[in-house]
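This report refers to the structure that appears directly beneath it.
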Amino acid sequence: MAFILVEFIDGADVAIISEKWLNEDRKSAFWPPFKKEKSLISAIKAHLQPDKLTWTKYTVRVLYEHDDYDKVRGKLRKSQYESDLQSDSEVGLGRYRRTKRPNPRYEDTDDDDEEEEEEEEDESQCLVPPHKIRKIHQNSTSFTSLPTPPRPAGKTLFDNNSIFETKVITSLEEVKCQVQLNSKLLQKVLKCLQENNHQQQHQDQSDGDNAQSLLPISSMEELQSFEEYLQEGDAFRKMVDLLKCVGGSDYKSTVRNVLSHIFSPCVALQINWLGKGGKMGFSQLKKIRHLVETTVRKNRLCPMTTEAEINETIKLWFRYAGDRNGGRIRRQKNSMAPSPSAVLQS
């Protein structure tokens with residue numbers, strides 16, 4: 001990457017810039033807003049990428065370019081007197097010579113000390129960091145000021161910390177790129193998670209609808225099929241997710257509500273706990289019994305309910321299954337109706 005010595009057309013100032021700062025037309029360049037001299041020099045040496053939003057654009061003319069920073073710097077003194085500098089890479093510019101300004105060393109004076117002092121000052125001027133140097137007008141020793149690009153304030157010594165600052169700037173650029181990359185990756189991950197969550201919700205809704213279609217059990221054949229269904233894959237979990245929404249004020253009401261959702265009244269009349277009297281024994285339906293226990297403990301009001309408490313409630317629910325849905329009232333009416341023999345006797 002080359003370093004380029006350019007002339008600012010508007011103010012007749014010269015400065016060294018990075019090749020990255022020069023536009024493709026080689027007629028304009030960007031200048032950073034840095035105020036500290038060390039930061040500016042480090043940015044030039046590190047070939048910092050220009051920020052088009054905060055950097056200022058100027059019209060320039062290329063005077064010299066080379067990959068060696070020191071060689072470009074060495075052309076600064078010569079650029080004060082000549083408008084064209086031929087680079088090692090033969091930049092195709094016209095040769096427009098400037099008239100040299102009168103050198104104070106050759107003016108008539110009787111004070112040799114003053115001549116030596118002026119010579120030292122003239123040479124020290126070339127040692128100033130070449131990020132921005134005012135040009136000397138023809139036949140004049142006065143300087144013209146250029147408001148922009150601004151001359152950084154501070155000391156002119158930069159060699160001591162230039163390597164460290166270059167590394168810092170390079171590291172910061174790498175960190176910035178890594179942060180941008182991580183941000184893009186996080187956005188992609190978030191998008192994938194949202195899509196997966198949406199698909200999972202859709203799948204859970206579909207599974208819930210399928211599980212809901214199996215309840216309530218309305219025949220003994222469906223009862224056996226439901227017991228086998230709970231042994232398949234995620235069927236048990238899906239059914240727990242469906243029934244845990246039933247809820248209840250305590251463990252007893254929760255057990256009764258869950259059983260009412262699983263069994264229809266006609267099937268409940270054909271089941272008791274031990275299977276006596278030709279009925280189906282609920283204690284033998286291991287998967288359904290485990291389903292009831294798990295669902296009851298999902299209720300935040302009764303997570304510590306014991307198996308004995310749940311089983312006792314189940315026994316009572318099946319025992320009084322005949323009294324539900326108007327069964328008790330029908331029995332009372334039948335007991336109060338007169339028997340046929342009593343009617344005949346009357």
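So between Thr54 and Gln212, what do we pick up on full extension, going 0.36 nm a residue minus the alpha carbon distance?
50.6 nm
What are the lysines whose alpha-carbon lies under 24 Å from the alpha-carbon of Lys238, with same-chain residues fewer than 8 places away excluded?
Those lysines meeting the cut-off are Lys252, Lys286, Lys287, Lys298.
Testing the spin-label approximation: label points 7 Å from Cα along Cα→Cβ at His198 and Thr294. State their distance in nm.
The answer from the label model is 3.1 nm.
Apply the a/c threshold of 1.5 to the C-alpha gyration tensor of the stretch 197-294 and tell me whether it is rounded, prolate or oblate.
Prolate is the answer for the stretch 197-294, as a/c is 1.5 or above and a/b outweighs b/c.
Between Glu221 and Asp70, what length comes free when the chain is fully extended (0.36 nm per residue of separation minus the Cα-Cα distance, one decimal in nm)?
Result: 44.8 nm gained on full extension.
May I ask you to order 173-184, 36-47 by the average number of other C-beta atoms within 10 Å around their residues, highest value first? Spell out each step's value before the answer.
Details: 173-184: 10.3, 36-47: 20.8.
Most protected by this proxy first, the peptides run 36-47, 173-184.
Under 5 Å between amide H atoms, partner at least 5 residues away or on a different chain: which partners does Asp13 have, H built in plane at 1.01 Å?
Distant-sequence amide H within range of Asp13: Phe8.
Can you compute the modelled spin-label distance between Arg319 and Met304, with each label point 7 Å from Cα toward Cβ, in nm?
For the pair Arg319/Met304, the computed spacing is 2.7 nm.
Efficiency by 1/(1 + (r/R0)^6): what FRET value for Met1 and Lys191, r their Cβ-Cβ distance, R0 = 56 Å, to the nearest 0.05?
FRET efficiency, Met1 to Lys191: 0.90.
Readers should treat all values here as calculations from the given coordinates under stated rules, not as data from a laboratory. Since the structure is predicted, the reported quantities are computational estimates derived from the model, not experimental observations. Methodologically, a virtual Cβ is constructed for each residue, glycine included, from the backbone with ideal geometry; neighbour enumeration extends over all protein chains shown.
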